[in-house]
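Report on one structure; see the data block that follows.
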Amino acid sequence: MKPCECLAAAFLVASAALAVATPAQATGTLVAPSTAASSAPRPVRFAAAPASGGTLALILAGDLADATKTLPAALGAAVRDGAAAAGFEGRPEQTLTLVNAAGHARIRVYGAETRLGPARLQELGGRIGQDTREDRGPVSVMAAGVAADGVDAAVELATGFGLGAYRFDRYKTEGRRTPPADPATFVSADGAASEARFRAEGVHLVEAVTLARDLISEPANVIYPESFVARVREAFRGVQGVSLEVLDEAAMQRLGMGAILSVGQGSRRPARIMVVRYRGAGDAAPVALVGKGITFDSGGISIKPAAGMWRMKYDMSGAARVMAATLATARRGAAVNVTAIAALAENMPDGNATRPGDVVRSMSGKTIEIINTDAEGRVVLADANQLAARERPAAIVNMATLTGSAAQALGDQYAALFARDEALGRRIEAAAEASGDAVWRLPLNPAYARLVRSDIADVRNSTEGAGPGASLGAHFIEAFTPADIPWAHLDIAGVAWRTTATQGVDPQGASAWGVRLLHELVKGFERR
Ligand code: BES
Ligand code: MN
Ligand code: ZN
């Protein structure tokens with residue numbers, strides 16, 4: 001044992017009261033996450049009528065006169081008068097705010113389409129969650145003139161509301177705008193039935209997305225491989241059907257995982273692989289969800305420019321999202337088997353860091369020439385996918401903030417989807433459609449596969465100069481994923497972070513993208 005490991009071990013014992021020990025070498029941050037919490041969301045309830053006072057959020061669609069006729073007389077009249085005065089016609093994206101009307105301090109009116117699917121309902125709910133976050137008093141949400149497509153509108157609105165109301169404010173010691181504790185009431189003809197539906201699924205999605213966003217938003221001095229593991233372990237505590245396995249660096253050495261080890265070797269924070277197995281369907285083949293978990297990507301020796309580097313704390317987004325989707329699935333008690341794998345490492349420059357030109361051996365036995373140490377996500381996934389393959393899974397799906405190229409091509413509205421297996425690709429497209437987490441196909445092509453061959457090793461992790469960057473990353477991972485297993489990869493570099501609040505369910509910062517999609521995809525594998 002090296003001296004630093006002895007120190008780390010001693011520190012671990014000394015600070016047993018803390019959830020995770022800070023590495024002995026990392027001192028002086030003074031922001032132990034155990035001392036801070038983000039402000040709590042409003043409690044959610046369902047009832048046949050809105051609460052009195054506070055805010056009423058009203059979704060209105062179709063003919064305004066007809067829609068307002070279905071409302072209580074005073075409310076209908078107030079909305080008609082206000083709409084006429086402001087030129088509000090109830091068109092989608094149109095909004096109207098009335099102050100001190102029909103017994104409410106505020107009435108916020110949202111125009112919408114007359115037929116609304118679950119994704120659009122969640123988006124509207126999210127917008128309301130954002131808009132009403134700091135409103136004093138209770139919030140009530142109802143819709144008029146709207147037909148929900150085969151779903152319970154109140155439940156979808158409540159789910160979106162929970163997603164939109166999120167803030168990461170635990171490090172603010174002044175000027176924190178805590179949301180009032182008054183409840184949010186969602187109006188439903190059968191409140192008890194809506195409540196039961198929300199408790200069966202929606203609430204788990206909200207809590208799962210909250211876990212993912214917390215992990216992603218935390219700075220890299222707080223979330224590193226070991227503390228990621230500790231937080232996720234805590235989130236799964238007591239959930240039925242779940243078992244956890246964590247590989248430390250010694251275990252990775254034994255398995256021959258030279259790829260992920262090479263990425264983590266420049267950091268004081270040792271790499272980890274976290275495996276969460278949820279078994280709800282006997283001996284059925286599991287779906288393997290494998291996420292990139294770079295807790296900070298400085299680029300390593302191929303160091304990134306300073307501008308925007310701070311955001312690379314989000315480079316563990318894939319890992320956070322696969323864990324979150326699995327948490328929602330397990331909390332629901334779904335009849336399906338899922339194996340979630342987080343490939344966790346910190347990519348740092350150091351005297352011991354991997355150099356450009358180094359050659360490393362992966363768990364598969366294939367050798368990798370490291371052309372650019374900043375193309376590290378594909379390298380950790382090479383070993384993680386080999387590990388996933390040992391589960392004999394029905395499918396392997398990767399989720400990774402892999403390339404700037406995907407973000408440049410598709411912006412922040414679509415993740416790039418690569419599918420080697422057409423049936424799996426279609427399943428993911430269907431899950432994207434149903435969940436609202438949009439994807440766009442990018443190509444796998446043998447000509448691009450040839451570009452990741454190395455002159456001196458089996459494959460190289462990057463090419464010199466330009467090229468189809470997102471496809472090259474996908475092909476590299478493909479080379480480490482056994483051909484008999486259906487495989488797909490989602491490059492989420494563009495959708496994982498919102499520079500501004502672009503969608504209802506996403507305030508600025510870590511997005512909800514992908515948790516709902518993976519949850520929906522896994523549903524399709526449930527035993528019936
Ligand atoms: N984590 C980044 C991907 C990334 C870059 C996301 C910029 C968002 C914005 C990844 O590890 C990376 O650095 N990729 C390189 C690959 C290149 C060196 C082949 C990239 O995309 O520039
Ligand atoms: Mn990188
Ligand atoms: Zn990265």
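The values are calculated or read from the model by the stated rules, or taken from the named source; none is laboratory data. This is a predicted model, so every value here is computed, not measured. Counting neighbours? That spans all protein chains shown, and the Cβs are built from the backbone with ideal geometry, glycine included. The protein model used for the area step is the full one, side chains on, heavy atoms only, and it has no ligands, DNA or RNA in it. Shrake-Rupley method; radii C 1.70, N 1.55, O 1.52, S 1.80 Å.
Which lysines, on any chain, are close to LYS292 with Cα under 26 Å apart, when same-chain ones fewer than 8 places away are left out?
Filter leaves LYS304, LYS313, LYS366, LYS523.
Which residue, GLY238, GLY318, ALA430, has the largest displacement toward the positive end of the dipole of the chain when charges sit on each Cβ (Lys, Arg +1; Asp, Glu -1)?
GLY238
Leaving ligands and nucleic acids out of the surface, order THR499, THR463, THR55 by accessible area at 1.4 Å, largest first.
Largest accessible area first, the residues go THR499, THR463, THR55.
Against the longest principal axis of the chain, how steep is helix 422-435, in degrees 0 to 90 to the nearest 10, with axes from Cα atoms?
Approximately 40 degrees, to the nearest ten.
So if I take the centroid of the Cα atoms in the range 166-194 and the same for the range 438-495, what is the distance between those two points in Å?
Cα centroid to Cα centroid, the span is 42 Å.
Return the Rg/Rh ratio of the chain with Cα-based radii and a Kirkwood Rh. Walk me through the intermediate numbers first.
Numbers: Rg = 24.2 Å, Rh = 24.1 Å.
Looking at the chain, the ratio lands at 1.01.
Determine one quarter of the surface area of the Cα convex hull of the range 76-120, which equals its mean projected area, and express it in nm² to one decimal.
3.6
Would you mind working out the accessible area per residue for the range 44-165, using a 1.4 Å probe, and quoting it in Å²?
39
Nearest 20 debye, what's the magnitude of the dipole of the range 54-109 about its Cα centre given +1 on Lys and Arg Cβ and -1 on Asp and Glu Cβ?
180
Does the range 370-432 classify as rounded, prolate or oblate by the C-alpha gyration tensor (a ≥ b ≥ c root eigenvalues; a/c under 1.5 gives rounded; else a/b over b/c gives prolate, otherwise oblate)? Intermediate values should be presented prior to the final figure.
Values: a/c = 2.79, a/b = 1.05, b/c = 2.67.
In terms of gyration-tensor shape, oblate.
Counting only heavy atoms of protein chains, what accessible area per residue, in Å², does the range 434-481 have with a probe of 1.4 Å?
Numbers: 2240 Å² over 48 residues.
Here the residues of the range 434-481 average 47 Å² of exposed surface.
In the range 44-165, if every C-alpha pair distance is counted and binned at 10 Å from zero, what percent goes to each bin?
14, 50, 33, 2
Report the Cα centroid-to-centroid distance between the range 248-282 and the range 34-78 in angstrom, as an integer.
That distance is 48 Å.
Find the accessible area per residue for the range 193-319; the probe is 1.4 Å, ligands and nucleic acids are left out, and the unit is Å².
It amounts to 35 Å² per residue over the range 193-319.
Given a Förster distance of 41 Å, report the FRET efficiency between ALA40 and ASN352 from their Cβ-Cβ distance, rounded to the nearest 0.05.
The calculated FRET efficiency here is 0.45.
So what's the angle, to the nearest 10 degrees on a 0 to 90 scale, between helix 118-131 and the longest Cα principal axis of the chain?
80
With the cut-off at 1.5 for a/c, could you classify the range 384-481 from its C-alpha gyration tensor as rounded, prolate or oblate?
Oblate is the answer for the range 384-481, as a/c is 1.5 or above yet b/c matches or exceeds a/b.
Between ALA251 and THR178, what length in nm is gained on full extension when 0.36 nm per residue of separation is reduced by their alpha carbon distance?
Working it through step by step, the gained length comes to 21.9 nm.
Summarise the accessible area of the chain (1.4 Å probe, protein heavy atoms) by the percent that is carbon and sulfur.
52
For the range 417-528, take the convex hull of the Cα atoms, compute a quarter of its surface area, and give me that in nm², please.
Details: hull surface 35.7 nm².
Averaging across all directions leaves 8.9 nm² for the Cα convex hull.
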